[in-house]
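Engineer: Structure in structure tokens, see below.
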Amino acid sequence: MTNLSLYTVRAMIILDGDGNRLIAKYYTRGQTEQSYRSVKEQKKFEGELFAKTRKTNAQVVLYNGQTVLFINSNDVYFYLVGDPEENELLLLSALQGFYDGVCQLVKYDLSKRKILDNLDMVVLALDEAIDDGIVLETDGNVIASNVSKRGVDTIDMSLSNLNEQTLIDAYKQAKERFNLAMLR
């Protein structure tokens, strides 16, 4: 029986070089069996997965009845977990796109420290790439661009809402506060 669901990803996990979780997102929607409900089960799965994959050169492994793809870079491991009957090329393109987007966002200096320092952008990149287990984007350039645009759009929107009257009001308020501070 062919899987005709859009829900292709069960989890996206980023672990450090010691197998500790940096980011993990588990998707349960669209799955008939809901595994890894608790954090304890998730961490156990992540530890076992890291132990199995840390010394292998393969990018795809079948583990615990699931297709797992991973990329290792420096001290960071990126894992994408999918259904066993899912197309590995689709899953690999999703993982590679997310990985490429994150690399661009951290200026190609991919390390545990950079991931933690830019955690907000990495999580946004994950949300741009995969939503609730559905692959939305596989192009790393588009993912990085969309994440970068979010910050710029927010700033532009707030500046475009300012008009001359609010600038005058802000000036008056600052002048009043300055005068009060001088009197004290």
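The values are calculated or read from the model by the stated rules, or taken from the named source; none is laboratory data. The structure presented is a predicted model; accordingly, all values stated were derived computationally and were not measured. Just the protein is used for accessible areas: all its heavy atoms, side chains included, with ligands, DNA and RNA removed. Shrake-Rupley method; radii C 1.70, N 1.55, O 1.52, S 1.80 Å.
Engineer: Ser5: accessible area at probe 1.4 Å, nearest 10 Å²?
Structural biologist: 40
Engineer: For region 74-155, just say rounded, prolate or oblate: build the C-alpha gyration tensor, square-root its eigenvalues into a ≥ b ≥ c, call rounded for a/c under 1.5, and beyond that prolate if a/b exceeds b/c, oblate if not.
Structural biologist: In terms of gyration-tensor shape, oblate.
Engineer: Something else: Hey, any idea what the orientation-averaged projected area of the convex hull of region 27-130's Cα atoms comes to, in nm²? Write out the running numbers ahead of the final one.
Structural biologist: Values: hull surface 27.6 nm².
Average of the hull's projected areas for region 27-130 equals 6.9 nm².
Engineer: Give a residue-ordered list of calculated ³J(HN,Hα) values for region 78-88 (Karplus: 6.51 cos²θ - 1.76 cosθ + 1.60, θ = phi - 60°; whole Hz; x for Gly, Pro).
Structural biologist: So the Karplus estimates, Gly and Pro as x, are 9, 10, 10, 10, x, 5, x, 8, 6, 5, 5 Hz.
Engineer: Another one. Excluding residues on the same chain fewer than 8 positions from Lys55, give the lysines whose Cα lies under 25 Å from its Cα.
Structural biologist: Straight-distance partners of Lys55: Lys25, Lys40, Lys43, Lys44, Lys112, Lys114.
Engineer: What figure in square angstrom, to the nearest 10, would you give for the accessible area of Asp132 with a 1.4 Å probe?
Structural biologist: 50
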